[in-house]
Amino acid sequence: SFIGEESVAAGEGSILTDNPTWIIDPIDGTTNFVHRFPFVAVSIGFVVNKKIEFGIVYSCIEDKMYTARKGKGAFCNGQKLQVSGQEDITKSLLVTELGSNRDPEVIKIILSNMERLLSIPIHG
């Protein structure tokens, strides 16, 4: 099976089943792309029994290929990635995506979540 982000965004229905399924977003960061903001990628995932098996993200502008496989780790251009090990949230950097949904209820939830995050003394 295939699920394409662009077709779902256009209103086509999509149901994730237990069947092996490719999930593809050919322009991940469409708004960035439209505004010539250089954070755009091609994202591909493969799911079996509704569980992700592996994913690939190609950051076009940076020419970086991110790959990850369940139980095998994540890589950038073939080099193993790892988390920083930082456990103190006050030393972390907050990066967020607000999304494109402008429904008042969705906005209320997003702003509530942001308020909780911003009450923590974090960077960013």
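The values are calculated or read from the model by the stated rules, or taken from the named source; none is laboratory data. Note that this is a predicted model, so its numbers are computed, not measured. Cβ: placed from backbone, ideal geometry, glycine included. Neighbour counts: every protein chain shown. Ligands, DNA and RNA are stripped out before the accessible areas are found, and what is left, the full protein with its side chains, is counted by its heavy atoms. Shrake-Rupley method; radii C 1.70, N 1.55, O 1.52, S 1.80 Å.
Would you call GLY99 modelled with pLDDT of 90 or more and open to solvent by less than 70 Å² (accessible area, probe 1.4 Å)?
For GLY99, the condition - modelled with pLDDT of 90 or more and open to solvent by less than 70 Å² (accessible area, probe 1.4 Å) - is not met.
Please go through segment 73-96 and pick out each residue that is loosely packed, with under 11 Cβ neighbours inside 10 Å, out of contact with any Pro (no Cβ under 9 Å at 6 or more places or on another chain) and part of a helix (DSSP H, G or I).
none
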